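The values are calculated or read from the model by the stated rules, or taken from the named source; none is laboratory data. The structure displayed is predicted, hence computed values, not measured ones. Note: ideal-geometry Cβ built from the backbone for every residue, glycine included; neighbour counts use all protein chains shown. Only protein heavy atoms, including side chains, enter the accessible area calculation; ligands, DNA and RNA are left aside. Shrake-Rupley method; radii C 1.70, N 1.55, O 1.52, S 1.80 Å.
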Amino acid sequence: MSLRAVKPQQQKPQHETRTRILDAAEELFMLHGFEGTSMRLLTSRAGVNLAAVNYHFGSKDALIEALFRRKLDPMNTARIAELDRLESEGRAPATGGRALEPEAIIRAFVGPSLRHMEDAKGGGRNFIRLLGRTYTEPTKPIRVLIGQLYAPTMERYKAALERALPHMAREELVWRMHFMFGTLAYTLAATDTVQLIAGCKPEDRYDARLLEDRLTAFLAAGLGAPLKQTVKKAA
């Protein structure tokens, strides 16, 4: 009677364990929030022990940072690459370049985040919902982190919009970018609310191209709308 050699159980690669933890955290934070997700719940969902989380991340705060960097860094890289492409294509040799249309700048900014909404299997939709929740239910450390991750991208887009709208006061442009960013955040966080509006097709909420067209048109109109100055009359 021959005995077949028993293969030793192979451990899963470290990168696979790290990815599984991040995927579980992404979903749980989206569902329950950062404070509402315990490490016990996280390790149970990921199928790991607390030592594995500590090994890969060291702390819950470091895990949260890694989670956001995993998708925000590529997203912002895509935004800057798209702006670079638009500015390169719009360069006029005789003048050294011309300003882009505001609508093109807006589309370049909102597109990368909206396209994640179509990615249900790869976790993109979970991340976008989490990102939207982060904007509407922020904690101070996470607000600071998000601000740091977005800062270089926002400066590039602010400069592009200043060139596209030279007549607009700097302070007014900052406010309109604030409203623009807030509208995008709400769109990411609350796509389910479209079902409350009569005649709206619920399936359209995850159609990235359709959302991009609608949101770009809306934001471009708001960005360029004339401002009526309020004059206080002397009593």
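General observations
- A single entry from Ala185, Ala190, Ala208, Ala220 fulfils the requirement of being open to solvent by less than 100 Å² (accessible area, probe 1.4 Å), modelled with pLDDT of 85 or more and either small (Gly, Ala, Ser) or within 17 Å of Pro112 (Cα to Cα) (or both): Ala220.
- Meets criteria (hydrophobic (A, V, I, L, M, F, W, C) and over 25 Å from the mean Cα position of the chain (by Cα)) for Ala52: yes
- Selection within segment 99-132: residues that are modelled with pLDDT of 75 or more and basic (Lys, Arg). The member of this set that is surrounded by the most Cβ atoms within 10 Å (Cβ to Cβ) is Arg129.
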